[in-house]
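Below: one structure, written as structure tokens.
Readers should treat all values here as calculations from the given coordinates under stated rules, not as data from a laboratory. As the structure is a computational prediction, the values presented were derived from the model and not from experiment. Using ideal geometry, Cβ is built from the backbone for each residue, glycine included, and neighbour counts are taken over all protein chains shown.
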Amino acid sequence: MSDFLLELRSEEIPARMQAGARSELEKLFRREMGAAGVSVDDVTTYSTPRRLALIARGLPDATEAVSEEAKGPPVGAPDQAVDGFCRKTGVAREDLEVREVKGRETFFAVKNIPGRATKDLLAEAIPVIIADFSWPKSMRWGEASLSTESLRWVRPLSGIVALLGDDVVECEVHGVTSGAVTLGHRFHHSGDITIGNADDYAMKLRAGHVIVDHEERAALIRDGARKVAAEAGLSLVDDEGLVIENAGLTEWPVPLLGRFDEDFLDVPPEVIQLTARVNQKYFVCMKSSPSRDGEGDRDREENRLANAFICTANIEAEDGGAAIVDGNRKVLAARLSDARFFWELDQKTPLREHARKLERITFHEKLGTVADKVDRVAKLAAWLTSDARAPNGDHNLARQAAELSKADLVTEMVGEFPELQGLMGGYYVEKEGLPREVSDAIRDHYKPIGQDDEVPTAPLTVAVSLADKLDNLFSFFNIDILPTGSKDPFALRRAALGYLRLVQANGLELSLEQAAQAWGGIGRAKLGTRVAEFLSDRLAVQMREEGVRHDYIAASRDWKGQTDGRTDRIEARARALADFLDTENGANLLAGYKRAANILKKEDWHGIEGEIARTGEEDPLAIVDDPDLKAVVDAKMTERHARELSYTPEPAEKALIDALDKAEPEASRAIASEDFEAAMSALAGLRAPIDAFFEEVTVNDPNEDKRAARLDLLARFRAAVHNVADFSKIEG
């Protein structure tokens, strides 16, 4: 058994590509070894800006000899079939073996494959791995680059180290031959470094001022940045993404703290942090200053951004990094000067005047300008806080916040840093003296953006955020632009998730049919239903990730014959259904329901649903809201039962009738008050009677009156269950 080391050295590999490259290298190595019959267990990959490395532990010295056989056509088959079998297996006809299979002589191809040295297999695999390597972006170089068939790599490939144990695995790729020699740090080490084997690779490179383990470099940056901040009496603003990026930019990381002009702190802290992070890859720090909290003599710590930054050098400088820090300070000062210029320039124009420029920006060719979108959002936000009261709030302030919500898109600052949209609008209206709740609504109306993002709870912010997301959904559904497969160019799934999280976190009850009519006028209820179906699909995905089965969601979606326009109601019903079916009563009731439904389907019996249909009402559950219709149906059913029950019902039959008489009104009252747990509890009372009914009563009695009455009773049982949830959608 031997350990294998592979190092692919090149010019600088972009930091953002290194994690993917490590995964790709391991994947391709395992693929090639698996195809060659070599078992691979322990694989470790490393990356630095100048190299990509892999160490595989415990590879066998050679593969074992194996014998492969394949069954062919019977003896006497046409020559064409036999010759084709020989070509497929690579065995000459005279080498075929003949064996008896089920009394018939049959050809077999047997191939004895000798074992091969792992070293030879690796020599063949390395060029294939390099040639098949997938990079987000790659290049050709040198004279060979004149041909499109030449090797592509992220940057020019300059060296290959390939060692199995202490031996070099000899191969050649694009004029680069493998060996045991690599290079150390670009500035701290000169000359070659000869690697003996996989065990001394990291050690010898460390002696050459290269830390090959990316995780170790990240820890040095993370801990070192915190240390230099603490030494200056500051606290580091944690940024794990920046830690990983700096680890990908350095081979010998050294965090250094510098200072910038305190006057720049007049610029919003998010702008300073983004300027330092995006343009220069710097960390920022916070300082703490005591201030009275107004309650007794207690002090509280109010954290504020400090005029400090931390850069990550790639060398240990003789002057302790003073020159490096000074150079970085000058570059950062220039960037912050630009940011301060934008900040001051934007404030010279009121945000409402900025908003007028939105008339020149197309939102979508079929949906008008961004200004048109703002008008729709403002109208919907005002409706949400007034008529819908979801959430309850000041509709005038909601309209004002919505009207200004997109104005910062045309400011200089957001033009430079699109990530600050919304945030800068909040700052600008605050500077103009508008109410704090308006600035907060503008700042946070894009939230929540992702699954882990903060969910707003301030009423005004919730209203504008809901209106913005609903406008996206209504607008694109109205012109039939929907997500398909993995394609969602207008982020409608994200808008749906944001809507659901806002509704859930704030306990809102909002009808999408009513919202659609408030958005687009009378006649838009069907648009609301379409969006409700889409949202319920997203809700199903969300709840499935929490462990709630998809069929429970499907069983909870219908309300009065169509997809429920309130996702909060779907969710509450699905959770209650999941809890109920997890009990013995629930599981047994489901079994009884399915048995009843199967009998009714086989007999094509509609029961009460048929009576309702004869009233001309298309929606069977509309009787819940129509007293006159309900009276007609009740009268018909009373008349039928009085006529058909011309016999004395059996005890189990009478028990089910009594249980339904009790459960139906209880469940209906619970459903009307949207107490789905109570509705499920009412259904639980039907479990024992329906079990006994099937155990003791013959449904298809020879007596037609008894048969009809009992089928009606099962239809009544089915309707009672359906009034709570559509059990026909439940699997199992």
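Taking label positions 7 Å along the Cα-Cβ direction at both Asn112 and Ser190, the computed distance is 6.1 nm, reported to one decimal. Based on the convex hull around the alpha carbon atoms, the chain presents an average projected area of 51.5 nm².
Basic side chains Lys and Arg get +1 at the Cβ, acidic Asp and Glu get -1 at the Cβ, and with that the dipole of the chain about its Cα centre reaches some 1340 debye. Dividing the summed helix terms, -39500 (n - 2.57) for each DSSP H run of n ≥ 4, by the number of residues in the chain produces a 222 nm estimate of -15500 deg cm²/dmol to the nearest 500.
Over every Cα atom in the stretch 214-347, the radius of gyration and the widest Cα-Cα span, Dmax, amount to 16.0, 53 Å. Candidate cross-link partners of Lys287 among the aspartates and glutamates, defined by an alpha-carbon separation under 17 Å and a same-chain spacing of 8 or more, comprise Glu231, Asp238, Asp239, Asp261, Glu262, Asp263, Asp266, Glu270, Asp299, Glu301, Glu302. Extension gain for Glu270 to Glu359 (0.36 nm times residue separation, less C-alpha to C-alpha distance): 29.2 nm. Here the spin labels are modelled as points 7 Å beyond Cα on the Cα-Cβ line, and at Ala62 and Asp42 they lie 2.5 nm apart. Each of Val267, Val455, Val101 was scored by other Cβ atoms within 10 Å of its Cβ. Listed from fewest to most, they are Val101, Val455, Val267. Summary of packing: across the peptides 175-182, 249-256, the per-residue average of other C-beta atoms within 10 Å ranks them, highest first, as 249-256, 175-182. Loop-resident GluC sites (Glu not before Pro) (DSSP state other than H, G, I, E or B) in the stretch 497-591 with no more than 14 further Cβ atoms inside 10 Å of their Cβ: Glu509, Glu546. Over all other residues within a Cβ to Cβ distance under 13 Å of Arg493, the charged ones net out to +3, with Lys and Arg as +1 and Asp and Glu as -1.
Here the simple spin-label model places points 7 Å from the Cα toward Cβ, and for Glu216 and Val98 these points are separated by 6.7 nm. Annotation for the stretch 115-191: GluC sites (Glu not before Pro) lying in DSSP loop with at most 15 further Cβ atoms inside 10 Å of their Cβ are Glu149, Glu170. For Ala62, the residues whose modelled amide H falls within less than 5 Å of its own, excluding neighbours fewer than 5 places apart on the same chain, are Thr118. As a proxy for reagent exposure, Ser556, Ser147 were ordered by neighbouring Cβ count within 10 angstrom, fewest first; the result is Ser147, Ser556. With a sphere of radius 14 Å drawn around the Cβ of Asn585, what net charge do the other residues whose Cβ falls strictly inside it have (Lys, Arg +1; Asp, Glu -1)? With Lys, Arg at +1 and Asp, Glu at -1, the neighbours total -4. 3J(HN,Hα) couplings calculated from phi for the stretch 574-589 with the Karplus curve 6.51 cos²θ - 1.76 cosθ + 1.60 (θ = phi - 60°) are, in sequence order, 5, 5, 5, 5, 4, 5, 5, 6, 7, 9, 5, 4, x, 4, 6, 5 Hz; Gly and Pro show x. With K and R counted +1 and D and E -1, the other residues having a Cβ less than 14 Å from that of Asp41 yield a net charge of -1. Out of all DSSP beta bridges with both ends in the chain, state the antiparallel percent to the nearest 5. Percentage antiparallel, nearest 5: 95. For the stretch 234-254, the residues whose backbone nitrogen is under 16 Å from a point 7 Å from the Cα of Lys281, taken along Cα to Cβ, are 239-254.
Among the GluC sites (Glu not before Pro) found in the stretch 337-372, those both in a DSSP coil and sparsely packed, with 12 or fewer other Cβ atoms within 10 Å of their Cβ, are Glu365.
By its C-alpha gyration tensor, with a ≥ b ≥ c as the square roots of the eigenvalues, how is the stretch 66-113 shaped: rounded for a/c under 1.5, else prolate for a/b larger than b/c, else oblate? It is oblate, given that a/c is not under 1.5 and a/b is not larger than b/c. The magnitude of the dipole of the stretch 156-289, with charges of +1 and -1 set on the Cβ of Lys/Arg and Asp/Glu and taken from the Cα centre, is near 360 debye. For the stretch 1-145, the normalised intensity computed at q = 0.08, 0.13, 0.19 Å⁻¹ comes to -0.40, -0.74, -1.06 (log10 of I(q)/I(0), Debye sum over alpha carbons, equal scatterers, no solvent). Under 16 Å from a label point set 7 Å out along the Cα-to-Cβ vector of Asp387, the amide N atoms of the stretch 453-467 belong to 467. Across the chain, the longest run free of exposed loop sites, meaning trypsin sites (Lys or Arg not before Pro) lying outside DSSP classes H, G, I, E and B with no more than 10 other Cβ atoms within 10 Å, spans 349-732. Suppose R0 equals 51 Å. What FRET efficiency, 1/(1 + (r/R0)^6) with r the Cβ-Cβ distance, do Glu704 and Arg30 give to the nearest 0.05? Step by step, r from the Cβ atoms, then E = 0.10. Backbone geometry of the stretch 4-12 corresponds, through the Karplus equation with coefficients 6.51, -1.76 and 1.60 at θ = phi - 60°, to 3J(HN,Hα) couplings of 10, 10, 10, 10, 10, 9, 8, 5, 3 Hz, x marking Gly and Pro. Using θ = phi - 60° in the Karplus curve 6.51 cos²θ - 1.76 cosθ + 1.60, the 3J(HN,Hα) couplings for the stretch 443-449 round to 4, 10, 6, 7, 6, x, 8 Hz; x is entered for Gly and Pro. Between Met203 and Glu69, full extension at 0.36 nm per residue minus the direct alpha carbon distance yields a gain of 43.4 nm.
Counting neighbouring beta carbons within 10 Å and listing from fewest to most, the residues Ile160, Ile315, Ile244 come out as Ile315, Ile244, Ile160. Mean sequence separation of contacting Cα pairs (under 8 Å, at least six apart), scaled by the length of the stretch 357-437, corresponds to a relative contact order of 19 percent.
Set the Förster distance to 60 Å, then compute FRET efficiency between Lys330 and Glu731 from the Cβ-Cβ distance, nearest 0.05. In this case the efficiency is close to 0.35. Counting only the backbone N, which residues of the stretch 247-267 are under 16 Å from the spot 7 Å out from the Cα of Glu419 toward its beta-carbon? Of the residues in the stretch 247-267, 247 have backbone N under 16 Å from the label point off Glu419. Bridgeable lysines around Lys526 (alpha carbons under 30 Å apart, same-chain partners fewer than 8 residues away excluded): Lys366, Lys373, Lys379, Lys406, Lys447, Lys469, Lys487, Lys560, Lys630, Lys729.
Between amide H atoms placed 1.01 Å from N, distances below 5 Å from Ser158 occur with Arg9, Ser10, Glu11, all of them 5 or more places distant or on a separate chain. Pairwise Cα distances in the stretch 385-426 exceed 17 Å in 43 percent of cases.
The lysine pair tally for the stretch 3-119, using Cα distances under 18 Å and a gap of 8 or more places or different chains, is 4.
Evaluated at q = 0.14, 0.20, 0.24 Å⁻¹, the base-10 log of the normalised Debye intensity for the stretch 511-554, with identical point scatterers placed on the Cα atoms, takes the values -0.40, -0.61, -0.71.
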